[in-house]
Amino acid sequence: MSLYCGIACRRKFFWCYRLLSTYVTKTRYLFELKEDDDACKKAQQTGAFYLFHSLAPLLQTSAHQYLAPRHSLLELERLLGKFGQDAQRIEDSVLIGCSEQQEAWFALDLGLDSSFSISASLHKPEMETELKGSFIELRKALFQLNARDASLLSTAQALLRWHDAHQFCSRSGQPTKKNMAGSKRVCPSNNIIYYPQIQVNLRELETAAWFSHDEVATALKRKGPYTQQQNGTFPFWLPPKLAISHQLIKEWVEKQICSSLPA
């Protein structure tokens, strides 16, 4: 019995170490791409691109779910050329993640840039035919996506929306310029740097806090009304079961439980 426990513990330690090592490696690589424009541009050569149109991701139907197709740089350049857009549009893409093998993932919206949006809108049906998919509103498709695609597309949509809303400096009124990865925007006239908002906006939220895995798991099991506890506080509120956010929270809890089980 003790021998079995020892083997199980070593296996668990090995997998935890491997996961941590992979996470650290990916984090360092992504940080390099965010800070080094040349490195990011080089990563685009072997990377993969997810396509959007006016913040709606390109999706393909497979059985009873949606798949998010990925395109190489060469495929994307060919597509842009076919529909009258310059290959320079690729610089509008944003970095959204990478694989364990350091394949960088980017997202590009073909319908947001004002100088191309009219042309892109006219060609949208043709693009969908060419790409064998449809640009579908994310919130309508989220339940039919796998966990990885749902997470990546949500991140991509939020980042693309942020860049679309911060094209001008709030102080000078001059156009801002994004770096290659899309991790920041800079005003050339005064060098003010704008970052996507990682902190709490108290004008939008009453409060925010960190919760442990056990606290979230307990909240998911809780039934009935949220009654006041003995210490005078109320348990934190979770969205209703039909909400997308509830399903994402539930999926995260279940994923953490599975990854903690011994091999």
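Each residue of region 238-252 in turn: what ³J(HN,Hα) in whole Hz from Karplus with 6.51, -1.76, 1.60 and θ = phi - 60°, glycine and Pro shown as x?
Rounded to whole hertz, the list is 10, x, x, 4, 7, 6, 4, 4, 5, 5, 5, 5, 4, 5, 5.
Quickly work out the His213-to-Glu103 label distance, labels modelled 7 Å from Cα along the C-beta direction, and quote it in nm with one decimal.
The modelled label-to-label distance comes out at 2.8 nm.
Can you spot the aspartates and glutamates whose alpha carbon is less than 20 Å from Lys223's alpha carbon? Ignore those fewer than 8 places along the same chain.
Asp214, Glu215, Glu251, Glu254
At Gln45 and Arg148, where each label point lies 7 Å from the Cα along Cα→Cβ, what is the point-to-point distance in nanometres?
Going by the 7 Å Cα→Cβ label model, 2.5 nm.
With every protein chain present, what accessible area does Tyr66 have (1.4 Å probe, heavy atoms only), rounded to the nearest 10 Å²?
For Tyr66, the solvent-accessible surface is approximately 40 Å².
Listed highest first by mean packing, meaning other Cβ atoms within 10 Å per residue, what order do 72-78, 54-60, 38-44 come in?
54-60, 38-44, 72-78
Per residue of region 74-90, in order, report the coupling 6.51 cos²θ - 1.76 cosθ + 1.60 (Karplus, θ = phi - 60°) as ³J(HN,Hα) in whole Hz, putting x for Gly and Pro.
With coefficients 6.51, -1.76 and 1.60, one gets 5, 5, 5, 4, 5, 5, 4, x, 5, 10, x, 10, 6, 5, 5, 4, 4 Hz.
The values are calculated or read from the model by the stated rules, or taken from the named source; none is laboratory data. A quick note: this is a predicted structure, and the numbers were derived from the prediction, not measured. Here the Cβ is made from the backbone with ideal geometry for all residues, glycine too, and neighbour counts use every protein chain on show. These accessible areas exclude ligands, DNA and RNA; they are computed on the full protein's heavy atoms, side chains included. Shrake-Rupley method; radii C 1.70, N 1.55, O 1.52, S 1.80 Å.
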